[in-house]
Amino acid sequence: MTEILASNDNLVEGTLGSFENRDDALNSANRPGWQQSMKAAIRSSRQLLDQVGLADVNVISAMAEKEFPVFAPLEYVARMKKGDLADPLLNQVLAVPQEFADVGGVADPVGDGSAEIVPGLLQKYQRRALLITSGACAIHCRYCFRRHFPYADAPTGMHGWAKALETIQADTSLDEIILSGGDPLSVSDHVLKQLIARLNSFSHLKRIRIHTRFPVVIPSRVCNDLLNWVESSRCAVYFVLHFNHISEIDSNVIVALKQLRQAGATLLNQSVLLRGVNDSFEAQRDLCLKLVDHHVLPYYLHQLDLVRGATHFEVSDEHALSIVESLRKALPGYAVPKLVREIAGQPHKTPL
Ligand SMILES: *Cc1c(COP(=O)(O)O)cnc(C)c1O
Ligand code: SF4
């Protein structure tokens, strides 16, 4: 199950709105900039290494790429340090042979399969349900716990979500809907606007939460059409962003964050603690401070979900706890994320 996330052209096609056919859509100069960015994204380790001045390095794994394709937009690649194989951004997206040397790990470590109440709608916790809004993402993160999730089967579009929306409408114990995926912002604003309007029409809902990496990876996704539906939502809108490293935050990202905030959204961040990316006190401190400087509150720091192919990113609980303990001493309380692990079947994310 690998042609599932962002680079899957069928899924990207589903996001292209009203174009008659895909070629027209892909060739059209009228497409929003962020869709052009998706089209122009790097789609192989070879291209990626060329781009960062490491063309002569031999770390490529065709097998890993076949299992989970490489996908990284150029504006994200541009933030990588040239000639540095240890770059924390590069390591989030480069397919490496270790993915097959990894021992352990399962296909669905967080029990998403059994939490699906109707197609595309997951409920694990009280008051809130999660809609797999789209299978596509802005980037393919090698450590993603959803790398084996059968996204291609997830319904998308107002028609595809009909059953999920009926279920949400009927269940008045819900007061919050989380749009997730994949990445919900891979859906066109034309369609998102309809979805948000529909959710706002259910009076028991009070909050809509968007789990997305787009503002991090392709900040131009935060366009006027998006800001309009955020601003006009009756329900409070929360964005849970996904920054892992301070180098991901450049001036374009800072503008996007400011626009989201000005549109009335509350901004939170969740990170994954990743060996070789952000597994030091300094990396976490610098990230958290930069986030709070730009009005983004660190929410969760996740211990890795042990998905097959990603266990080389694992950080021990002992080291994770020592990093967070040091953060508590160094930072104001609101800048310290909660260190959690997701345990399938538990009624909430589990603090360490
Ligand atoms: C993580 C998750 C949530 C959100 O949990 P919070 O602790 O509220 O952030 C909701 N639903 C599902 C299915 C999840 O996996
Ligand atoms: S971590 Fe999020 S953005 Fe990255 S591949 Fe997974 S679902 Fe997509």
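The values are calculated or read from the model by the stated rules, or taken from the named source; none is laboratory data. Quick caveat, the model's predicted, so the values are computed rather than measured. Note that we place each Cβ from the backbone using ideal geometry, even for glycine, and neighbour counts take in every protein chain shown. Only protein heavy atoms, including side chains, enter the accessible area calculation; ligands, DNA and RNA are left aside. Shrake-Rupley method; radii C 1.70, N 1.55, O 1.52, S 1.80 Å.
What the table below lists for this structure:
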| item | result |
| --- | --- |
| Residue (of 51, 337, 244) at the positive-pole extreme of the chain, dipole from beta-carbon charges | 337 |
| Most to least packed among 234-243, 53-62 [average Cβ atoms within 10 Å] | 234-243, 53-62 |
| Size of the stretch 196-337 as Cα extents on the principal axes (Å, biggest first) | 46, 32, 28 |
| Residue (of 230, 98, 315) at the positive-pole extreme of the chain, dipole from beta-carbon charges | 230 |
| Per-selection Kirkwood Rh - the stretch 49-127 (Cα, Å, 1 d.p.) | 15.4 Å |
| Sorted peptide list for 175-182, 220-227, criterion being average Cβ within 10 angstrom, highest first | 175-182, 220-227 |
| Volume in Å³ per residue [convex hull over Cα atoms, computed for the chain] | 129 Å³ |
| Paramagnetic label zone (point 7 Å from Cα along Cα-to-C-beta, residue 346; backbone N under 17 Å) in the stretch 276-317 | 299-307, 315-317 |
| Placed amide H near residue 210: partners under 5 Å, 5+ positions off or other chain | 179, 238, 239, 240 |
| Fully extended contour minus Cα-Cα distance, from residue 50 to residue 319, at 0.36 nm per residue | 93.4 nm |
| Cross-link pairs beyond the 22 Å C-alpha cut-off, checked among 81/258; 66/349; 163/193; 39/290; 81/290 | 81/258; 66/349; 39/290 |
| Net dipole in debye of the chain [+1 Lys, Arg Cβ; -1 Asp, Glu Cβ; about Cα centre; nearest 20] | 920 debye |
| Average Cα contact separation per residue, the chain, under 8 Å, 6 or more apart, as relative contact order % | 17 percent |
| Net lengthening on full extension, residue 59/residue 40 (0.36 nm per residue, minus Cα-Cα) | 4.5 nm |
| Cα pair distances exceeding 20 angstrom across the stretch 41-191, given as percent | 56 percent |
| Globularity ratio of the stretch 212-267, using Cα Rg and 2.2 N^0.38 Å | 1.07 |
| Tail fraction, Cα-Cα pairs, the stretch 255-352, threshold 17 Å, whole percent | 53 percent |
| Under 5 Å, built H, 5+ apart or other chain: amide partners of residue 275 | 314, 315 |
| Kirkwood Rh and Cα Rg combined as Rg/Rh, the stretch 34-81 | 0.98 |
| For the stretch 96-168, size of Cβ-based charge dipole, Lys and Arg +1, Asp and Glu -1, in debye | 260 debye |
| Inter-site label distance for residue 250 and residue 82 at 7 Å from Cα along Cβ, in nm | 1.3 nm |
| Note, ³J(HN,Hα) from phi for the stretch 42-52, Karplus 6.51, -1.76, 1.60, rounded to Hz, x at Gly and Pro | 5, 10, 7, 5, 4, 4, 5, 5, 4, 4, 9 |
| Cα→Cβ-extended label distance, 7 Å offset, between residue 286 and residue 232, nm | 4.2 nm |
| Calculated P(r) tail over 15 Å for the stretch 285-331, as whole % of Cα pairs | 56 percent |
| Computed [θ] at 222 nm, deg cm²/dmol, the chain (DSSP H ≥ 4; -39,500 (n - 2.57); rounded to nearest 500) | -9000 deg cm²/dmol |
| Protection-proxy order for peptides 187-200, 335-348, 122-135, each taking the mean of Cβ atoms within 10 Å per residue, highest first | 122-135, 187-200, 335-348 |
| Accessible area expressed per residue, the stretch 45-193, with surrounding protein chains retained (probe 1.4 Å, Å²) | 39 Å² |
| Percent accessible area from carbon and sulfur atoms, the chain, protein chains only, probe 1.4 Å | 51 percent |
